[in-house]
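The values are calculated or read from the model by the stated rules, or taken from the named source; none is laboratory data. It should be emphasised that the depicted structure is a prediction, and the values quoted were computed from it without experimental measurement. Cβ coordinates were reconstructed from backbone atoms using ideal geometry, including for glycine residues, and neighbour counts include every protein chain displayed.
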Amino acid sequence: MKVLIVDDEPLARDRAARLLTELGNIELLGEAANAEQALAEIARSQPDVLLLDISMPGKSGIELACELAERESSPAIVFCTAYDEYAIAAFDAQAVGYLLKPIQRDKLAAVFGRLSRLNKAQITALAELEAPAQRSQLSSTGPQGISLLAVSAVRYFHADHKYVCAVHPGGELLIDDSLRELEQEFASQFLRIHRNALVALQYLQGIERHGVTGYRVKLQGVAEGPQISRRYLPVVRARLAKGV
């Protein structure tokens, strides 16, 4: 299995290289200190797996992973970071593993042991599982009977305690689905930007400031989009950078 280490910290790269070498059955292709170097090395050596840091100068590891996920053939991503808060965003970026620094040998062995039992096509398939059939309409039952809303009209889903609302230009529809169920069913159409919000990619127009340090998404057809949490901000920026 061919592996490329991508991390801006020399000591972290050295530790990762030593541990990978100890595992065996690993061809260590080299190292990159940032996303730009990584892209050049990926084009040159075609690694099977990236051991990828998240927080780096310039383009983040999340942004790099999102960019690679758009390609027909790309390496599997195993994130390695000092922060556990990026786990959800990492798996949204189609990572197949998530390790915390300092890397523990047994956890590294477990991830690569699993990958070593798969061929390259199977590794790629881990991030490309076939999506289930998607509904074209959502329904809600109320005092006036059943209301229907086309999924294509929804600008965003917002969860408030145990209720989920589908927000559209004409108002809101209270639905029975959980946000997690909606995220799984409409993964190709909606992007999670907060633990309580999914936004429609086709209507995503940009990011705007909210307060001193916060951000909101700008969505076509609604006056005010939902807030973006800090952990999902790199993912939203990456999608906007590539034209959504």
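Quick look at the numbers
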{"item": "Tally, over region 152-184, of residues that are closer than 12 Å to Ala197 by Cα, among the small types (Gly, Ala, Ser) and surrounded by fewer than 16 Cβ atoms within 10 Å (Cβ to Cβ)", "result": "1"}
{"item": "Selected residue (only one of Leu201, Leu148, Leu126 is at pLDDT 90 or above and hydrophobic (A, V, I, L, M, F, W, C))", "result": "Leu201"}
{"item": "Residue ranges of helices (runs of 4 or more DSSP H) in region 8-88 with at least 3 members closer than 17 Å to Val235 by Cα and touching a helix residue (DSSP H, G or I) at 6+ places or on another chain (Cβ under 9 Å)", "result": "61-69"}
{"item": "Some residue of region 62-72 being closer than 22 Å to Asp106 by Cβ and β-branched (Val, Ile, Thr)", "result": "no"}
{"item": "Region 1-26 residues that are more than 17 Å from Gln46 (Cβ to Cβ), paired with ones that are in a helix (DSSP H, G or I) and aromatic (Phe, Trp, Tyr) (beta carbon under 9 Å, 6 or more apart)", "result": "Leu20/Phe112; Leu23/Phe112; Asn25/Phe112"}
{"item": "Top-ranked residue of region 37-51 - restricted to ones that are closer than 13 Å to Ser74 by Cβ and of a type in the set (Gly, Ala, Ser), ranked as surrounded by the most Cβ atoms within 10 Å (Cβ to Cβ)", "result": "Ala38"}
{"item": "Complete set of residues in region 226-239 that are farther than 20 Å from Ser188 by Cβ and part of a loop (DSSP other than H, G, I, E, B)", "result": "Ser229"}
{"item": "Region 81-108 residues that are more than 17 Å from Glu22 (Cβ to Cβ), paired with ones that are part of a loop (DSSP other than H, G, I, E, B) and at pLDDT below 70 (beta carbon under 7 Å, 6 or more apart)", "result": "Gln94/Ala127; Val96/Leu126; Val96/Ala127"}
{"item": "Test set (1) in contact with a strand residue (DSSP E or B) (Cβ under 7 Å, 6 or more places away or on another chain); (2) surrounded by fewer than 13 Cβ atoms within 10 Å (Cβ to Cβ); (3) hydroxyl-bearing (Ser, Thr, Tyr) - Tyr215 fails condition number", "result": "(2)"}
{"item": "Val217 being modelled with pLDDT of 90 or more, closer than 23 Å to Ile54 by Cβ, among the aliphatic types (A, V, I, L, M) and part of a strand (DSSP E or B)", "result": "yes"}
{"item": "Conditions (1) in contact with a Lys or Arg (Cβ under 8 Å, 6 or more places away or on another chain); (2) under 21 Å from His168 (Cβ atoms); number of the one not met by Tyr215", "result": "(2)"}
